[in-house]
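Take a look at the structure below.
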Amino acid sequence: MTRSPDTTRATKAGRSPAPDGVRTPTTNVWHGADLLGTRGVPAERLRELLTLARARRESPAKSLAGRTVATVFFEDSTRTRSSFTIAAQRCGADVVDLSSKASSANKGESLADTARVIEAMGVAAIVVRTSRAGGAKMAADAVACPVINAGDGAHEHPTQALADALALDDAWNLAGSFDFGGKRIVIVGDLSHSRVARSNAASLTTLGAEVVFVGPPAMAPRSLGGALGVRVSHDLDAELAEADAVMALRIQLERGAGAMLASSRDYRSAYGVTQARADAMKPGALVMHPGPMNRGVEMDPAVADGPRSIVIRQVAAGVAVRVAALEAVIGSTAGNA
Ligand code: CP
């Protein structure tokens, strides 16, 4: 397959051949590949994963029976960690779960060494979350088995972006076309620290949408938009009327975003998805948030729980895309994959 240097890779050099009885999946362009990001991944590759996610959501398969998936989470997570576990179990795989607090990372072992150790135990794939941008690639470079990036610092979070794409396709009744041509998606908030924004900017534009980054200048610098090929605005109210979806992002206090804010009240006033702003959006336009959400700051509770919101659909879609991601990179052990 065609591979971007920092996103997915074809079968790794030195990778062990598949064990006897393991069938080649129909999605074999992903087989043996890492999923490290969405940037540079062609539309057909994104659609292939998303189509598999829809298919498995309708017809689950024990496609990874007999395989083991390791989830290595060196940063806190609710959605991604639990949905990878649920996805792996849904496919019939065993799961080994490792966190920094309960692993030898706490004694100074590097992520690369951790990945090598886990791989030596015979896992089929490693799912990595780390606060270090580029950390997932470091792990991937250390091992022969596929690595999936579950969020690395402010770099990429590809399976969140894929979940968002699946939720949008569902909400817009696109029936699995994943063709977002003519759609405009505003992503508002702390863009500078957001791996979700980076992965979504890549995947949504590849699937045909126009993406606009909106936030205060410190959080939405024009240089970031230039680097990612998206327009930047500092005026949310000016963008609402033409938006087909507004995705609010979390203010990442753990990455220093607090220093960029005068106050939460000022932030909400200028950039919060308030009820008044939701009312200013066009009929049928959606609101989204990848979570976790600071309710009442990034989005009003009534909006988050209101008719425009697909926040919970994003979470549900996360399981489906992680089923597809695991099956695609590992390769199915089922005969009908
Ligand atoms: N969206 C997301 O990555 O959430 P978690 O940190 O809970 O996994």
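The values are calculated or read from the model by the stated rules, or taken from the named source; none is laboratory data. Keep in mind that this is a model prediction, so the values were computed, not measured. Here the Cβ positions follow ideal geometry from the backbone for every residue, glycine too, while neighbour counts run over all protein chains shown. Ligands, DNA and RNA are stripped out before the accessible areas are found, and what is left, the full protein with its side chains, is counted by its heavy atoms. Shrake-Rupley method; radii C 1.70, N 1.55, O 1.52, S 1.80 Å.
Some notes on this structure:
- Estimated at 0.36 nm per residue, the fully extended path between S104 and A241 surpasses their Cα-Cα distance by 44.2 nm.
- Dipole moment magnitude, nearest 20 debye, the stretch 159-314 about Cα centre, only Lys, Arg, Asp, Glu C-beta charged: 300 debye
- For a straight C-alpha distance cut-off of 25 angstrom, the lysines reachable from K137 (same-chain residues fewer than eight places away being disregarded) are K12, K101, K107.
- Remark: the chain carries 39 Å² of accessible area per residue (probe radius 1.4 Å; ligands, DNA and RNA excluded).
- Partners of K282 within straight-line reach, counting lysines whose Cα lies under 20 Å from its Cα and excluding those fewer than 8 residues away in the same chain: K183.
- Sulfur and carbon atoms: percent of accessible area, the stretch 119-231 [1.4 Å]: 51 percent
- Each peptide in 162-168, 87-93, 100-106 receives the mean, over its residues, of other Cβ atoms within 10 Å, and ordering these scores from highest gives 162-168, 87-93, 100-106.
- At R0 = 30 Å, FRET efficiency that the Cβ-Cβ distance of A112 and S264 yields, to 0.05: 0.20
- Residues whose amide H comes within less than 5 Å of that of R129, counting only those at least five positions distant or on another chain, are V72, F73, F74, A150 (H built at 1.01 Å from N in the peptide plane).
- The chain, dipole about Cα centre (Lys/Arg Cβ +1, Asp/Glu Cβ -1), debye to the nearest 20: 460 debye
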